[in-house]
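Just below is one structure, and these are the notes that go with it.
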Amino acid sequence: MPRTIFDEDHQMFRDSVVKWAQAELTPHVEDWRKNGMVSREAYLSAGRQGYLLMWAGEEFGGLGLKDHRFDQILQEEVIRHSDPGFYQNLHSQIVAPYLGNLGTEALKARLLPKAISGECILAVAMTEPGTGSDLAGIRTRAIDRGDHWELSGQKTYISNGIQADAVVVAAKTDPDKRHTMGLFMVERGMEGFERGRKLEKLGLDAQDTAELFFDKVKVPKENVLGDPTRGFANLATHLANERLHVAIGSIAHAQTAYDLTMDYVKERTAFGQPVGSFQENRFVMARLRIRLDVVQSFVDDCVMAHNAGRLSAETAAEAKLLASEAEGEVIDACLQLHGGAGFMEEFRISRMYRDARVSRIFAGSSEIMKEIIGRGLGFDARKLA
């Protein structure tokens, strides 16, 4: 179905991204997956093109583009032509806004230009070994020592964890108050900041995920992001944006799988005819086409709502839930249509199947998305009890 939210400028941008991705990313995907992380050169290459933090102001070296459609296009084509493990979207659209919206002027002046160029890779550390979606349950602690904050604790499942040069860390600032926490920018080289092992995962082989440890790290006051007692509220404010970008990536991944499978079922023959010509297979592809078009339309509407400043937490949760569930359904069906080839690592659909599974877990699991949507309808058990 034709997508109506893009104009000529967007199409020109898409064409430029496709050429760049095919030249600078596609040839390196196998090495990334083998090495367990995307090369730093990929970030530097994206930075040279002006593709990182496109929303950032020109005073920092950014393009000043507030239109989320450009980041949407970038994410779609990066996934189509390289690998979903290249987390440029995490860097630019999920972590960097904490710095841009909450950082001190000194911190922004020092880190934003390097993040825009790709020299400084960003990550965010919320999850802990004993806490997942329940952010209020974190145990990492930050103590005000007068001229600095002292940060201690442990984080896990941190995307970009090995390569990150600066990490937004959520930490309790009052252990007696469940929702009182702050956000702190911890930088590579700070004493007491250590990385643990690079975690082996079911999928996303090209994405470096790690444990992080903080042992009395001295965090300068200028590295505090916003009010150190309102970190929970600041996280909640930014999570709608995060979930929208997960939705963008999920539906792009599903669409890529569909396109690969369409080519496959037209070329692969059985009993003297293309496997796509059998009624059952045609019906499967028709059903997936409908699913993709419906979800893509909703995600596109959400992008436009975000541009207008009207995207609610509940609607972002709907988009994330809908797109991640569709991603799993579509890619599972596409693998089935590949037959035995779909189970072979050499076929991209096999890797996509593994890569897609985490979308229903990170940025808030499907179950948490349902909770958020349900509470928005007035079904908050805490208030009804």
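The values are calculated or read from the model by the stated rules, or taken from the named source; none is laboratory data. Keep in mind that this is a model prediction, so the values were computed, not measured. Counting neighbours? That spans all protein chains shown, and the Cβs are built from the backbone with ideal geometry, glycine included.
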Yes or no: the range 279-293 includes at least one residue that is closer than 25 Å to Ile361 by Cβ, in a helix (DSSP H, G or I), of a type in the set (D, E, K, R) and touching a residue at least 60 places away in the same chain (Cβ under 8 Å). no
Has the range 317-334 got any residue that is farther than 23 Å from Leu135 by Cβ, among the basic types (Lys, Arg) and part of a helix (DSSP H, G or I)? no
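Checking the condition modelled with pLDDT of 95 or more, of a type outside the set (Phe, Trp, Tyr) and assigned by TED's automatic domain parsing to the domain that holds Ser39, which residue from Gln154, Gln93 passes? Full working, then the answer.
On the way: Gln154 fails: assigned by TED's automatic domain parsing to the domain that holds Ser39.
One residue alone meets the criteria, Gln93.
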With (1) assigned to a strand (DSSP E or B); (2) crowded, with 18+ Cβ neighbours inside 10 Å; (3) in contact with a Leu (Cβ under 8 Å, 6 or more places away or on another chain) as the list, and Glu194 as the residue in question, which single condition is left unmet? (2)
Apart from one, (1) under 22 Å from the mean Cα position of the chain (by Cα); (2) at pLDDT 95 or above all hold for Gly146; the odd one out is (1)
Set Val217, Val265, Val275, Val246: member being closer than 20 Å to Val95 by Cα and either surrounded by 20 or more Cβ atoms within 10 Å (Cβ to Cβ) or not small (Gly, Ala, Ser) (or both): Val246
Quick one: how many residues across the range 115-167 are without any contact (Cβ under 8 Å) to a residue 40 or more places away in the chain and in contact with a Pro (Cβ under 7 Å, 6 or more places away or on another chain)? 1
Residue that is surrounded by the fewest Cβ atoms within 10 Å (Cβ to Cβ) [pool: residues in the range 130-160 that are farther than 16 Å from Gly364 by Cβ and small (Gly, Ala, Ser)]: Gly146
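Could you say which residue among Gly189, Gly226 is surrounded by fewer than 16 Cβ atoms within 10 Å (Cβ to Cβ) and modelled with pLDDT of 95 or more? Let's see the steps before the verdict.
Details: Gly226 fails: surrounded by fewer than 16 Cβ atoms within 10 Å (Cβ to Cβ).
After applying the criteria, what remains is Gly189.
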Residues that are of a type in the set (A, V, I, L, M) and touching a helix residue (DSSP H, G or I) at 6+ places or on another chain (Cβ under 7 Å): which strands (runs of 3 or more DSSP E) entirely in the range 120-168 hold 1 or more of them? 122-125
Picked from the range 79-116 (must be over 17 Å from Val17 (Cα atoms) and of a type in the set (Ser, Thr, Tyr)), the residue farthest from the chain's Cα centre (by Cα) is Thr104
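Can you tell which of Gln11, Gln72 is under 20 Å from the mean Cα position of the chain (by Cα) and either at pLDDT 95 or above or buried (at least 20 other Cβ atoms within 10 Å of the Cβ) (or both)? Working first, answer last.
On the way: Gln11 fails: under 20 Å from the mean Cα position of the chain (by Cα).
Only one candidate qualifies: Gln72.
Any chance the range 239-255 includes a residue that's assigned by TED's automatic domain parsing to the domain that holds Gly364, more than 21 Å from Phe362 (Cβ to Cβ) and among the hydrophobic types (A, V, I, L, M, F, W, C)? Explain how you work it out, then say what you get.
Residues of the range 239-255 that are assigned by TED's automatic domain parsing to the domain that holds Gly364, as a first pass: 239-255.
Next, only the ones that are more than 21 Å from Phe362 (Cβ to Cβ) stay: none.
No, the range 239-255 contains no residue that is assigned by TED's automatic domain parsing to the domain that holds Gly364, more than 21 Å from Phe362 (Cβ to Cβ) and among the hydrophobic types (A, V, I, L, M, F, W, C).
Would you mention how many residues in the range 34-93 are outside any helix (DSSP H, G or I) and closer than 19 Å to Cys120 by Cβ?
Step one: filter the range 34-93 for residues outside any helix (DSSP H, G or I), giving 36-39, 50-57, 61-67, 82-87.
Next, from what is left, pick out any that are closer than 19 Å to Cys120 by Cβ: 37-39, 50-57, 61-63, 86-87.
Counting residues in the range 34-93 that are outside any helix (DSSP H, G or I) and closer than 19 Å to Cys120 by Cβ gives 16.
Given the criterion touching a Phe, Trp or Tyr at 6+ places or on another chain (Cβ under 9 Å) and under 30 Å from His81 (Cβ atoms), identify the matching residue among Gly226, Gly203, Gly182.
Numbers: Gly226 fails: under 30 Å from His81 (Cβ atoms); Gly182 fails: under 30 Å from His81 (Cβ atoms).
Among Gly226, Gly203, Gly182, only Gly203 is touching a Phe, Trp or Tyr at 6+ places or on another chain (Cβ under 9 Å) and under 30 Å from His81 (Cβ atoms).
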Return a yes/no flag: does the range 283-290 have any residue that is buried (at least 21 other Cβ atoms within 10 Å of the Cβ) and either under 23 Å from the mean Cα position of the chain (by Cα) or within 24 Å of Asp67 (Cβ to Cβ) (or both). no
